[in-house]
Amino acid sequence: MDRDVGPSADELIEGLRSAGLRVTAPRRIICGILADAPGDHLNAADIVARAGDTSVDTSTVYRTLEVLEELGYVHHVHLGHGAGVYHVAPEASHHHLVCGECGRTMDVPLEALRRAVTAATEPYGFVPDDTHFAILGRCRECAAGADDSG
């Protein structure tokens, strides 16, 4: 798998097959949607919507995402309020910065925040799943707009 562009639909389908799942038409559609959106952060409803007028149901999306996550093809993260999202990412692990005003999501390498996460958790003996959360705030453009308004 070439992590610079993410896995192809065929690679995702082969992953499902290797995990013992039947490769049905809805699962092929789901894999195609994910492969065509390597940087997008999608929840199950987004995937169903992108599938259009097909027989893709939400439970099939969740089961497929669960297996693809177990295989390491997709990552699950919470970007603030609402349902968790999934994405196929070129980087294996990273943090997310989410603008609460415009919704823009930026991927940040783990190393950029590792010291801060360690400093906050180590004194408590806590081992974080530090790729599963997002830092909420305002992006540069929204922050600049707020500064200009007043």
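The values are calculated or read from the model by the stated rules, or taken from the named source; none is laboratory data. Note that the structure is predicted; figures quoted are calculated from it, not measured. Cβ atoms come from the backbone with ideal geometry, glycine included; neighbour counts cover every protein chain shown. Ligands, DNA and RNA are excluded from the accessible area calculation, which covers all protein heavy atoms including side chains. Shrake-Rupley method; radii C 1.70, N 1.55, O 1.52, S 1.80 Å.
Among the residues of the range 1-59 satisfying the criterion of being under 30 Å from L97 (Cβ atoms), free of Cβ contacts under 8 Å to residues at least 60 places away in the same chain and outside any helix (DSSP H, G or I), which is most open to solvent (accessible area, probe 1.4 Å)?
If we take residues in the range 1-59 being under 30 Å from L97 (Cβ atoms), free of Cβ contacts under 8 Å to residues at least 60 places away in the same chain and outside any helix (DSSP H, G or I), then D36 is most open to solvent (accessible area, probe 1.4 Å).
Among D130, D148, D53, D57, which is the only one that is charged (D, E, K, R) and at pLDDT 85 or above?
Just a single option satisfies the conditions, and that option is D57.
Have a look at E111, E101 and point out the one that is open to solvent by 60 Å² or more (accessible area, probe 1.4 Å), out of contact with any strand residue (DSSP E or B) (no Cβ under 6 Å at 6 or more places or on another chain) and in a loop (DSSP other than H, G, I, E, B).
Matching residue, one of E111, E101: E101.
Within the range 70-79, can you find the residues that are in a helix (DSSP H, G or I) and either over 17 Å from the mean Cα position of the chain (by Cα) or under 24 Å from G103 (Cα atoms) (or both)?
none
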